[in-house]
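The values are calculated or read from the model by the stated rules, or taken from the named source; none is laboratory data. Note that the coordinates shown come from a computational prediction; the quantities given were computed from them, not determined experimentally. Cβ: placed from backbone, ideal geometry, glycine included. Neighbour counts: every protein chain shown. Note: accessible area is taken over every heavy atom of the protein model, side chains too, but ligands, DNA and RNA are not part of it. Shrake-Rupley method; radii C 1.70, N 1.55, O 1.52, S 1.80 Å.
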Amino acid sequence: MHQHSATPPAERLSGVRLADLTTLRVGGAPREAFRARTSEELARTVSLLDVSRTPLLIVGGGSNLVVADGDLDLVVVIAANDGIEVNAGGVPGLVRAGAGAVWDDVVAATVEAGLSGIETLSGIPGSAGATPVQNVGAYGAEVSDVLTRVHLYNRETGETEWVPASSLELAYRYSNLKFTGRAVVLDIEMQLAPADLSIPLRHLGGERLPLAEARADILRVRASKGMVLDAADYDTWSAGSFFTNPIVPVAVADEVARTVGPDAATMPRYPQPDGMVKLSAAWIIERAGFPRGFPGDDAPARLSTKHTLALTNRGSATTDDIVDLARTIRDGVRDRFGVTLVPEPVWVGVSLD
Ligand SMILES: Cc1cc2nc3c(=O)[nH]c(=O)nc-3n(C[C@H](O)[C@H](O)[C@H](O)COP(=O)(O)OP(=O)(O)OC[C@H]3O[C@@H](n4cnc5c(N)ncnc54)[C@H](O)[C@@H]3O)c2cc1C
């Protein structure tokens, strides 16, 4: 019992609300909040809270979180260990980053150093430590393409260990860390390739550009869709793509196409190795009758005016407003197409059902 009174080594913050820590800018007050500035502080803080069975939430950049309003029965631990090592230990292309490093700073540093592999992941908000959690990806690349090892604090065993990326079961917007909280990512390690040109850019038909140009182009395209954070633009007060692209049997995809009618010729269909078909959630949402900006000008929570897949806070939304809108979209899509969209962000203290 006396571990209960042990003081976590991390900096204690006061007056913190999840609305201040998340890009949706909604969510209530945790019991307490700590900011861990080193990997050791992060692991030790979580271990002490676990010993006293205190419910906790690890927060990086808060860009994939939907958290309930009001008083929250949990303690927030913010990962703020932000070191970045490029060509670590003299190994060309080896990159290590602390969990709290800003992901886009990591990308910028690697592009600057002439390393290719994550340039298409430019502009994804959040922390390096969260990238394995849902295997972030964009424009045809995923962090799993380059991730070699992850330094974990295993909350089940209390061990701190480097584990191979293969042990995380990385898949489309998924790893066995997501939703389970079984371990805390302390650091990540990636192997990139020294190169002048980028990996093939899917949005440019596979063209390769000089690394810095590729990064600039991705940032430009993302910004045009409200997918780069900008405090002055409510279209970016979001959690990014709110639903994952549904992966369905061919028969279901055909049925969606039949329901859509003549427009079906433009329906994106991405065949998967296992014979299933990945559909575009954004396209389906629009065809289910939810245009950009839905439900209109007075609503505190709306679809982005640039992209139907982002649910946004127009300045005064509460978590309930966001959840209500998500439910309306999910139910509307299900009623029209029989496809149930699954939210991409991590939900804390709220649910769609
Ligand atoms: C405008 C916008 C655009 C986006 N675009 C993309 C995109 O193109 N592709 C994409 O994949 N995602 C995208 N996202 C989603 C989001 O940016 C990523 O999921 C990102 O990796 C989340 O990082 P974070 O640090 O903000 O995580 P948080 O929101 O802080 O946390 C998300 C989850 O990960 C857990 N977590 C965070 N850090 C750790 C850690 N160190 N150890 C263990 N668990 C941890 C949290 O507890 C929580 O469960 C976008 C989001 C926004 C707002």
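Odds and ends about this structure:
- Looking across the range 167-186, the residues that are within 15 Å of the chain's Cα centre (by Cα) and more than 10 Å from the ligand (Cβ to nearest atom) come down to Leu170, Ala171, Tyr174, Asn176.
Here is a yes/no grid of residues against (1) among the aromatic types (Phe, Trp, Tyr); (2) more than 10 Å from the ligand (Cβ to nearest atom):
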position: Glu207; (1), (2): no, yes
position: Lys225; (1), (2): no, no
position: Asp230; (1), (2): no, no
position: Tyr234; (1), (2): yes, yes
position: Trp237; (1), (2): yes, no
position: Ser241; (1), (2): no, no
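- Filter result for Ala264 (surrounded by fewer than 16 Cβ atoms within 10 Å (Cβ to Cβ), outside the structural domain of Leu72 (by TED's automatic domain parsing) and farther than 24 Å from Val59 by Cα): yes
- Look at (1) open to solvent by 50 Å² or more (accessible area, probe 1.4 Å); (2) touching a Gly at 6+ places or on another chain (Cβ under 9 Å); (3) without any contact (Cβ under 8 Å) to a residue 60 or more places away in the chain; (4) of a type in the set (Asp, Glu) and you find that Asp230 fails only one, number (2).
Each row is one residue, and each column tells you yes or no for (1) touching a residue at least 40 places away in the same chain (Cβ under 8 Å); (2) open to solvent by 40 Å² or more (accessible area, probe 1.4 Å).
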residue	(1), (2)
Gly289	yes, yes
Leu303	no, no
Thr308	no, no
Asp320	yes, yes
Val323	yes, no
Leu352	no, no
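- Residues of the range 19-40 that turn out to be among the hydrophobic types (A, V, I, L, M, F, W, C), open to solvent by less than 30 Å² (accessible area, probe 1.4 Å) and near the ligand (Cβ under 10 Å from one of its atoms), as a count: 2
- Ala43 buried (at least 21 other Cβ atoms within 10 Å of the Cβ), more than 10 Å from the ligand (Cβ to nearest atom) and not in a helix (DSSP H, G or I): no
- Taking the criterion of being more than 16 Å from the ligand (Cβ to nearest atom) and not acidic (Asp, Glu), the residues of the range 290-314 that qualify are Phe290, Pro291, Gly293, Phe294, Pro295, Gly296, Ala299, Pro300.
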